[in-house]
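First up is the structure itself, then whatever we jot down about it.
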Amino acid sequence: MKIILTGKNFKLTPSLKSYVTDKISHLEKYYREILKAKVELDFDRNQKSGDINRVEIWLYLPEKTLETGIKASEMHEAIDLAYEKIANQLIRYKEKKYSRRMRKLRKSSDKNFDKSYPQASK
């Protein structure tokens with residue numbers, strides 16, 4: 001999986017880069033067909049609400065793109081929350097894809113079963 005990491009309004013530190021890369025690479029244990037992951041980290045200094053850290057993650061899959069965004073007061077907290085959210089989306093996507101495939105297999109096997117074995121009459 002290719003990971004693209006960008007930072008807006010601040011300089012990415014090597015420790016933050018490695019933290020994000022480790023977190024995102026853990027997503028492959030949920031779904032191995034991730035083509036590319038794009039992570040955008042943003043720091044915004046606001047007079048009223050203070051410092052805001054925003055994390056946005058896009059996962060590019062063969063059939064779909066998943067995305068999430070989180071704002072938090074700390075960057076590591078925002079990364080952790082965004083990771084949990086995108087992991088849940090990925091798990092739901094995988095379960096939905098698997099259940100659709102199983103339904104198709106069940107339908108085709110039921111049709112074949114009905115054709116090959118005639119039903120007994122009373």
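The values are calculated or read from the model by the stated rules, or taken from the named source; none is laboratory data. Worth saying up front: this structure is predicted, and the values here are computed from it rather than measured. All Cβ positions, even for glycine, are placed from backbone atoms using ideal geometry, and neighbour counts span all protein chains on display.
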How many residues are assigned to a helix (DSSP H, G or I) and either farther than 21 Å from residue 30 by Cα or of a type in the set (Gly, Ala, Ser) (or both) when one looks only at region 72-86? 5
Selection from region 59-78 of residues that are touching a strand residue (DSSP E or B) at 6+ places or on another chain (Cβ under 9 Å) and charged (D, E, K, R): 67, 71, 74, 77
So which residues in region 17-57 are closer than 16 Å to residue 7 by Cα, surrounded by fewer than 17 Cβ atoms within 10 Å (Cβ to Cβ) and aliphatic (A, V, I, L, M), if there are any at all? 52
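Conditions tested, residue by residue: (1) at positive phi; (2) modelled with pLDDT under 90; (3) not in a helix (DSSP H, G or I).
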residue: 51; (1), (2), (3): no, yes, yes
residue: 56; (1), (2), (3): no, no, yes
residue: 88; (1), (2), (3): no, no, no
residue: 102; (1), (2), (3): no, yes, no
Out of curiosity, is residue 34 part of a loop (DSSP other than H, G, I, E, B), at negative phi, of a type in the set (A, V, I, L, M) and touching a helix residue (DSSP H, G or I) at 6+ places or on another chain (Cβ under 7 Å)? yes
